[in-house]
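This structure is in structure tokens; I'll ask about it shortly.
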Amino acid sequence: MAKKSKVVRYNKWGYIFLIPFLVVFIVFQLIPLVSTIYNSFFENYRSGLTQIGPNFVGIENYKTIITNGDLPLYFKNTMIMWILGFIPQIVLSLLLGAWFTDPSLRLKCQTFFKTVIYMPNLIMASAFAMLFFTLFADSGPINSLLIQIGVFKEAFKFMSHAGTVRGLVATMNCLMWFGNTTILLMAGMMGIDPSLFEAAQVDGATANQIFYKITLPLLRPILVYVMITSLIGGLQMFDVPQILTNGTGDPMRSSMTLIMYLNKHLFSKNFGLAGALSVYMFIITGILSMVVYKFTNSEKK
Amino acid sequence: MKRRIVSLLAIATMTATMFAGCGSTESASTETADSSTESADAAVELAEDTGKVLNIHCWNDEFQSRLKSHYKDYEEVDATHGKIGDVDVVWTITPSTDNAYQNNLDEALLAQESASADDKVDLFLVEADYALKYVDTDYAMPLKDLGITDADLADQYKYTQDIVTDSNGNLKGASWQACSAGLIYNREMAKEVLGTDDPDEVQALVSDWDKFKETSEKIVGAGYKMCSAFDTYRTYSNNVSGKWVQDGKLVMDKNIDKWIDDSKELVDAKAETTDDLWGDDWAKGKRPEGNIFCYFGPAWFFNFCLAADEEGTIANQGGWGYCVGPQSYYWGGTWICAATGTDNANLVKDIILTMTTDKDVLKEIAQQDADCVNSKTVLKELASDESGNLELLGGQNPYAQLAEGAEKIDLSNLSAYDQGCTEELEKAMKNYFLGNATKDEALDMFKKAVHEKYPDVTVD
């Protein structure tokens with residue numbers, strides 16, 4: 001016979017409230033993750049209407065990806081485009097964040113500007129890429145403008161130079177995300193105790209000194225967060241270069257990112273190779289995140 | 001209190017997304033795995049039609065509008081439904097963009113056996129570039145099993161049948177179009193630079209690739225360009241001596257190699273552009289200020305691509321001329337295939353026969369829709385009188401040339417890999433033409449891309 005306990009037990013509610021998250025997590029994250037790893041050990045694709053496999057091939061798919069030399073190349077492309085976009089983005093965001101949170105500047109229409117800088121993020125990346133594609137086409141408005149003011153004699157083919165394509169991708173990513181980063185950094189800056197700034201001012205610190213000696217060090221946790229999320233987002237860069245180069249990664253695949261390469265395997269429904277590539281990306285992302293985390297947190301302790 | 005409301009809200013949204021997720025997976029599974037086992041093998045002896053639904057898969061409304069205006073029993077219900085007698089016609093229209101049409105059709109055909117009678121595909125349409133992918137499998141039904149004989153199809157052009165003949169020699173589809181193509185030139189520019197705009201005289205100036213190059217020098221000298229390098233690709237690729245893939249291995253034909261070398265030469269001489277087909281830059285040539293001498297295209301190109309209804313285009317002023325060009329070739333076209341397992345075999349047979357062999361229907365199509373139809377007799381009639389004169393060609397009647405071209409096309413070298421190879425070759429070679437890679441580098445990239453698309457094809 002169970003004795004009725006007089007103690008009201010609340011912890012079952014904890015588990016009940018966790019159920020929705022757990023179910024969603026298992027169905028949409030864990031199962032796909034496990035099945036990706038599982039699939040990566042099989043030869044499994046379609047040639048025309050003929051299904052080939054799934055045949056167990058061990059680590060053959062992993063070997064193929066390593067030996068054909070594609071992975072390092074596309075990893076390099078991805079990182080170049082991410083860094084090109086991230087550096088101006090973080091500089092811009094820090095600057096804007098510092099201005100917006102500095103009470104002595106008394107900026108007017110703050111809400112308006114915050115909304116405006118966040119705007120590009122609301123546009124769909126593909127629409128944004130389409131816009132740039134049209135703007136920078138051989139007979140697009142940018143070219144006609146440059147020809148009219150006499151910079152070029154004939155249309156400059158923006159889409160057939162590695163530098164300009166990568167530059168355009170980086171610019172777009174920077175424009176799209178600096179608003180978001182600014183908001184995040186501002187939140188971090190506003191969380192810093194204002195008395196620290198006042199104390200510094202009383203001690204005669206310049207604005208630069210305050211920024212480097214007080215704001216930046218205290219902002220570190222949020223900076224780490226921004227770095228890691230942006231890095232993961234950068235590694236998964238897809239829509240902007242895909243639309244801008246029409247899926248080719250031209251010129252000579254110099255703007256092809258890892259996910260664009262992954263997408264190439266969709267045509268033949270090559271789940272084996274795509275799975276192996278995804279596992280590699282999982283590992284790379286994990287390692288890089290660890291590095292960033294350690295690197296930015298090491299000095300403190 | 002407030003906190004509780006917030007957490008309740010959070011739970012509500014979470015569960016809502018959960019159910020949304022479940023809902024979509026459920027509906028997806030019914031589509032593929034609905035297995036009410038009603039195996040209808042009506043097709044073999046052409047037993048009476050048992051199907052109440054005729055499922056047609058296609059990628060645009062072209063065939064639908066043809067059926068609507070030329071198949072007498074067809075009644076439209078709405079954009080994706082119709083009726084023929086008691087049979088409901090259901091259109092599954094999936095655009096070709098990003099391979100979506102084929103992906104969708106693949107799934108439908110692979111599930112054909114287990115699909116319920118009302119869900120079975122009855123008819124599907126294919127384009128030449130990937131026709132063999134479907135024709136060379138058991139998913140497409142031989143026309144002779146439908147009771148369509150060679151005599152029924154005798155008036156069609158042979159090349160239109162070569163495309164849909166499988167490796168065992170079975171004919172598995174039919175088309176109402178004959179898309180022989182040629183060179184569409186700018187009359188005014190021809191008069192100015194070449195001194196004539198007469199189709200026969202212009203033809204003499206571009207009758208082979210050497211003459212084409214000589215003419216291009218004159219055009220460049222006058223400050224114009226011929227066309228895009230990709231315009232000429234199909235002229236070469238239709239005249240190859242072997243298939244793209246032989247014994248599971250990618251083979252570069254010497255005519256493809258010639259396209260690469262010729263195009264590079266012409267691009268370097270600034271006689272050709274490297275604009276992608278259908279792009280904005282490419283389309284500039286439709287207007288006089290685009291300074292482009294010619295396009296390469298078949299009959300559908302006249303109406304579909306030259307923007308004759310827009311003010312200020314060359315077509316609007318009737319400023320184009322048509323000649324066969326350096327080599328005969330074809331481009332595009334739609335073939336009707338019957339899917340194995342159809343439960344409306346008689347109806348399917350009647351649709352194929354009416355739409356592709358009935359001369360009255362074909363003539364109607366040619367006159368109403370300006371299609372170049374797949375009938376030697378009808379084309380001859382059109383060529384012989386004024387009814388074939390086209391305004392956008394300045395009153396020229398192109399049907400004699402179109403018919404002549406259609407006779408010359410030889411398509412025995414088509415393979416199921418053509419679409420992928422064409423796309424990837426054009427992408428890779430653009431890099432070579434623009435000087436971003438050497439020919440070998442570009443070829444390597446092409447081979448790599450083909451191997452990605454077709455992992456079973458070896459490329460070295």
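Of the numbered conditions (1) at pLDDT 90 or above; (2) not in a helix (DSSP H, G or I), residue A:53 fails exactly one; give the number of that condition.
Here residue A:53 clears every test but (1).
Of all residues in segment B:427-446, which are more than 10 Å from every other protein chain (Cβ to nearest Cβ) and buried (at least 18 other Cβ atoms within 10 Å of the Cβ)?
Residues satisfying the conditions are B:429, B:443, B:446.
In addition: Would a scan of segment A:10-20 turn up a residue that is more than 14 Å from every other protein chain (Cβ to nearest Cβ), assigned to a helix (DSSP H, G or I) and either exposed (fewer than 12 other Cβ atoms within 10 Å of the Cβ) or out of contact with any Gly (no Cβ under 7 Å at 6 or more places or on another chain) (or both)? Working first, answer last.
First, pick out the residues of segment A:10-20 that are more than 14 Å from every other protein chain (Cβ to nearest Cβ): A:11-12.
Next, from what is left, pick out any that are assigned to a helix (DSSP H, G or I): A:11-12.
Subset that is either exposed (fewer than 12 other Cβ atoms within 10 Å of the Cβ) or out of contact with any Gly (no Cβ under 7 Å at 6 or more places or on another chain) (or both): A:11-12.
Taking every residue of segment A:10-20 in turn, at least one turns out to be more than 14 Å from every other protein chain (Cβ to nearest Cβ), assigned to a helix (DSSP H, G or I) and either exposed (fewer than 12 other Cβ atoms within 10 Å of the Cβ) or out of contact with any Gly (no Cβ under 7 Å at 6 or more places or on another chain) (or both).
What is the residue count in segment A:128-143 for residues that are of a type in the set (S, T, N, Q) and modelled with pLDDT of 90 or more? Let's see the steps before the verdict.
Narrowing segment A:128-143 to residues of a type in the set (S, T, N, Q): A:134, A:139, A:143.
Next cut, modelled with pLDDT of 90 or more only: A:134, A:143.
Residues meeting the conditions: 2.
Follow-up question, since we're still on this one. Just to verify a result, which residue in segment B:90-102, among those that are modelled with pLDDT of 90 or more and out of contact with any helix residue (DSSP H, G or I) (no Cβ under 8 Å at 6 or more places or on another chain), is nearest to the other protein chains (Cβ to nearest Cβ)?
Only one residue tops the list, namely B:101.
Within segment B:370-384, identify whether any single residue is closer than 19 Å to residue B:320 by Cβ, assigned to a loop (DSSP other than H, G, I, E, B) and more than 21 Å from the chain's Cα centre (by Cα), and answer yes or no.
Of all residues in segment B:370-384, those closer than 19 Å to residue B:320 by Cβ come to B:370-372, B:382-383.
With the extra rule that they be assigned to a loop (DSSP other than H, G, I, E, B), the set shrinks to B:370-372.
Keeping just the survivors that are more than 21 Å from the chain's Cα centre (by Cα) gives none.
No, segment B:370-384 contains no residue that is closer than 19 Å to residue B:320 by Cβ, assigned to a loop (DSSP other than H, G, I, E, B) and more than 21 Å from the chain's Cα centre (by Cα).
Let's see how each residue does on (1) surrounded by fewer than 21 Cβ atoms within 10 Å (Cβ to Cβ); (2) touching a Cys at 6+ places or on another chain (Cβ under 7 Å); (3) assigned by TED's automatic domain parsing to the domain that holds residue B:372; (4) closer than 24 Å to residue B:332 by Cα:
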{"position": "B:150", "(1), (2), (3), (4)": "yes, no, yes, yes"}
{"position": "B:161", "(1), (2), (3), (4)": "yes, no, yes, yes"}
{"position": "B:167", "(1), (2), (3), (4)": "yes, no, yes, yes"}
{"position": "B:171", "(1), (2), (3), (4)": "yes, no, yes, yes"}
{"position": "B:186", "(1), (2), (3), (4)": "no, yes, no, yes"}
{"position": "B:192", "(1), (2), (3), (4)": "yes, no, no, no"}
{"position": "B:198", "(1), (2), (3), (4)": "yes, no, no, no"}
{"position": "B:204", "(1), (2), (3), (4)": "yes, no, no, no"}
{"position": "B:209", "(1), (2), (3), (4)": "yes, no, no, yes"}
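Of the conditions (1) crowded, with 18+ Cβ neighbours inside 10 Å; (2) on the phi < 0 side of the Ramachandran plot; (3) at the interface with chain B (Cβ under 10 Å from one of its Cβ atoms), residue A:74 fails just one. Which one is it?
So the condition that residue A:74 fails would be (3).
Which ones in segment A:257-292 are among the hydrophobic types (A, V, I, L, M, F, W, C), over 20 Å from the mean Cα position of the chain (by Cα) and closer than 16 Å to residue A:66 by Cβ? Give the derivation first.
Here is the first cut: in segment A:257-292, the ones among the hydrophobic types (A, V, I, L, M, F, W, C) are A:258-260, A:262, A:266-267, A:271, A:273-274, A:276-277, A:279, A:281-284, A:287-288, A:290-292.
After this cut, where a residue has to be over 20 Å from the mean Cα position of the chain (by Cα) as well, the list is A:266-267, A:271, A:273-274, A:276.
Within segment A:257-292, A:273, A:274, A:276 qualify.
On to the next question. Among the residues of segment B:250-284 satisfying the criterion of being among the aliphatic types (A, V, I, L, M) and not in a helix (DSSP H, G or I), which is nearest to residue B:448 (Cα to Cα)? Working first, answer last.
Within segment B:250-284, the first condition is being among the aliphatic types (A, V, I, L, M), and the residues that meet it are B:250-252, B:256, B:260, B:266-267, B:269, B:271, B:277, B:283.
Next cut, not in a helix (DSSP H, G or I) only: B:250-252, B:269, B:271, B:277.
Numbers: B:250: 11, B:251: 14, B:252: 14, B:269: 29, B:271: 30, B:277: 23 Å.
Among them, the one singled out is B:250.
Something else about it: Just need a number here: residues in segment B:405-449 that are farther than 18 Å from residue B:266 by Cα, polar (S, T, N, Q) and modelled with pLDDT of 90 or more. Break it down stepwise before answering.
Step one: list which residues in segment B:405-449 are farther than 18 Å from residue B:266 by Cα, which gives B:405-424, B:440-441, B:443-449.
If we keep only those that are polar (S, T, N, Q) as well, we get B:412-413, B:415, B:419, B:422.
Remaining after also requiring modelled with pLDDT of 90 or more: B:422.
Residues flagged as farther than 18 Å from residue B:266 by Cα, polar (S, T, N, Q) and modelled with pLDDT of 90 or more within segment B:405-449 amount to 1.
Now, a different point. Which condition number does residue A:35 fail, the rest of (1) polar (S, T, N, Q); (2) within 25 Å of the chain's Cα centre (by Cα); (3) within 12 Å of another protein chain (Cβ to nearest Cβ) being met?
For residue A:35, the failing item is (3).
Let me ask something else. Any residue that is over 30 Å from residue B:417 (Cβ atoms), surrounded by 13 or more Cβ atoms within 10 Å (Cβ to Cβ) and among the acidic types (Asp, Glu) - is there at least one of those in segment A:28-48?
The answer is no, given that none of the residues of segment A:28-48 is over 30 Å from residue B:417 (Cβ atoms), surrounded by 13 or more Cβ atoms within 10 Å (Cβ to Cβ) and among the acidic types (Asp, Glu).
Would you check if residue A:25 is within 30 Å of residue A:185 (Cα to Cα) and within 14 Å of chain B (Cβ to nearest Cβ)? Before the answer, list the steps.
Details: within 30 Å of residue A:185 (Cα to Cα): yes; within 14 Å of chain B (Cβ to nearest Cβ): yes.
Yes, satisfied.
Before we move on, is residue B:171 closer than 30 Å to residue B:361 by Cα and either of a type in the set (Gly, Ala, Ser) or touching a strand residue (DSSP E or B) at 6+ places or on another chain (Cβ under 9 Å) (or both)?
Values: closer than 30 Å to residue B:361 by Cα: yes; either of a type in the set (Gly, Ala, Ser) or touching a strand residue (DSSP E or B) at 6+ places or on another chain (Cβ under 9 Å) (or both): yes.
Considered against the rule, which asks whether it is closer than 30 Å to residue B:361 by Cα and either of a type in the set (Gly, Ala, Ser) or touching a strand residue (DSSP E or B) at 6+ places or on another chain (Cβ under 9 Å) (or both), residue B:171 comes out as yes.
Still on this structure: In the list A:160, A:104, which residue meets the criterion of being farther than 22 Å from residue A:207 by Cβ and either of a type in the set (S, T, N, Q) or within 14 Å of chain B (Cβ to nearest Cβ) (or both)? Show your work before the answer.
On the way: A:104 fails: farther than 22 Å from residue A:207 by Cβ.
Just one listed residue meets the conditions, A:160.
Which of the numbered conditions does residue B:203 fail, given that it passes all the others? Conditions: (1) modelled with pLDDT of 90 or more; (2) farther than 27 Å from residue B:227 by Cα; (3) not charged (D, E, K, R).
Looking at each condition in turn, residue B:203 falls short on (2).
Of all the helices (runs of 4 or more DSSP H) wholly in segment B:106-209, which have at least 2 residues that are in contact (Cβ under 8 Å) with a residue 60 or more places away in the chain and within 14 Å of chain A (Cβ to nearest Cβ)? Break it down stepwise before answering.
Working: elements: B:131-135, B:158-162, B:199-205.
Per the criteria, B:131-135.
Provide a single number: the residues in segment B:211-233 that are touching an Asp or Glu at 6+ places or on another chain (Cβ under 9 Å) and surrounded by fewer than 16 Cβ atoms within 10 Å (Cβ to Cβ).
1
Is it the case that residue A:235 is over 15 Å from the mean Cα position of the chain (by Cα) and either within 11 Å of chain B (Cβ to nearest Cβ) or crowded, with 18+ Cβ neighbours inside 10 Å (or both)? I'd like the intermediate steps shown before the answer.
Details: over 15 Å from the mean Cα position of the chain (by Cα): no; either within 11 Å of chain B (Cβ to nearest Cβ) or crowded, with 18+ Cβ neighbours inside 10 Å (or both): yes.
So residue A:235 does not fit the description; no.
Right, here's the next one. Answer yes or no: is there a residue in segment B:234-251 that is surrounded by fewer than 19 Cβ atoms within 10 Å (Cβ to Cβ), under 23 Å from residue B:436 (Cα atoms) and of a type outside the set (S, T, N, Q).
No, every residue in segment B:234-251 fails to be surrounded by fewer than 19 Cβ atoms within 10 Å (Cβ to Cβ), under 23 Å from residue B:436 (Cα atoms) and of a type outside the set (S, T, N, Q).
If you don't mind, another one. Which ranges mark the helices (runs of 4 or more DSSP H) fully within segment A:135-218 that have 2 or more residues being under 27 Å from residue A:123 (Cα atoms)? Before you say what the answer is, go through the steps one by one.
On the way: elements: A:141-148, A:162-190, A:194-202, A:207-210.
Here the list reads A:141-148, A:162-190.
In segment A:251-281, what count of residues is obtained for those that are more than 24 Å from residue B:100 (Cα to Cα), surrounded by fewer than 23 Cβ atoms within 10 Å (Cβ to Cβ) and more than 7 Å from every other protein chain (Cβ to nearest Cβ)?
Here is the first cut: in segment A:251-281, the ones more than 24 Å from residue B:100 (Cα to Cα) are A:251-252, A:254-255, A:276, A:279-281.
Those left that are additionally surrounded by fewer than 23 Cβ atoms within 10 Å (Cβ to Cβ): A:251-252, A:254, A:279-281.
If we keep only those that are more than 7 Å from every other protein chain (Cβ to nearest Cβ) as well, we get A:254, A:279-281.
Within segment A:251-281, residues that are more than 24 Å from residue B:100 (Cα to Cα), surrounded by fewer than 23 Cβ atoms within 10 Å (Cβ to Cβ) and more than 7 Å from every other protein chain (Cβ to nearest Cβ) number 4.
Would you please list the contacts, defined by Cβ atoms under 9 Å and residues six or more apart or on different chains, that run from a residue in segment A:38-52 that is at positive phi and facing chain B (nearest Cβ under 8 Å) to a residue that is of a type in the set (A, V, I, L, M) and crowded, with 17+ Cβ neighbours inside 10 Å?
From residues that are at positive phi and facing chain B (nearest Cβ under 8 Å), the pairs are A:48/B:132; A:48/B:416.
Out of the residues in segment B:285-322 meeting the condition of being part of a loop (DSSP other than H, G, I, E, B) and hydrophobic (A, V, I, L, M, F, W, C), tell me which one is surrounded by the fewest Cβ atoms within 10 Å (Cβ to Cβ).
B:307
May I ask you to verify whether residue A:86 is in a helix (DSSP H, G or I), of a type outside the set (A, V, I, L, M), closer than 15 Å to residue A:184 by Cα and at pLDDT 90 or above?
It is true that residue A:86 is in a helix (DSSP H, G or I), of a type outside the set (A, V, I, L, M), closer than 15 Å to residue A:184 by Cα and at pLDDT 90 or above.
Among the candidates B:363, B:427, B:349, which residue alone is assigned to a helix (DSSP H, G or I), in the same structural domain as residue B:112 (by TED's automatic domain parsing) and without any contact (Cβ under 8 Å) to a residue 60 or more places away in the chain? Give the steps one after another, and end with the answer.
Values: B:427 fails: in the same structural domain as residue B:112 (by TED's automatic domain parsing); B:349 fails: without any contact (Cβ under 8 Å) to a residue 60 or more places away in the chain.
Being assigned to a helix (DSSP H, G or I), in the same structural domain as residue B:112 (by TED's automatic domain parsing) and without any contact (Cβ under 8 Å) to a residue 60 or more places away in the chain holds for just one of B:363, B:427, B:349, which is B:363.
The values are calculated or read from the model by the stated rules, or taken from the named source; none is laboratory data. Remember, predicted model here, so these are calculated numbers, not experimental data. Because the Cβ atoms are built from the backbone with ideal geometry, glycine has one as well, and the counts that use them run over all protein chains shown.
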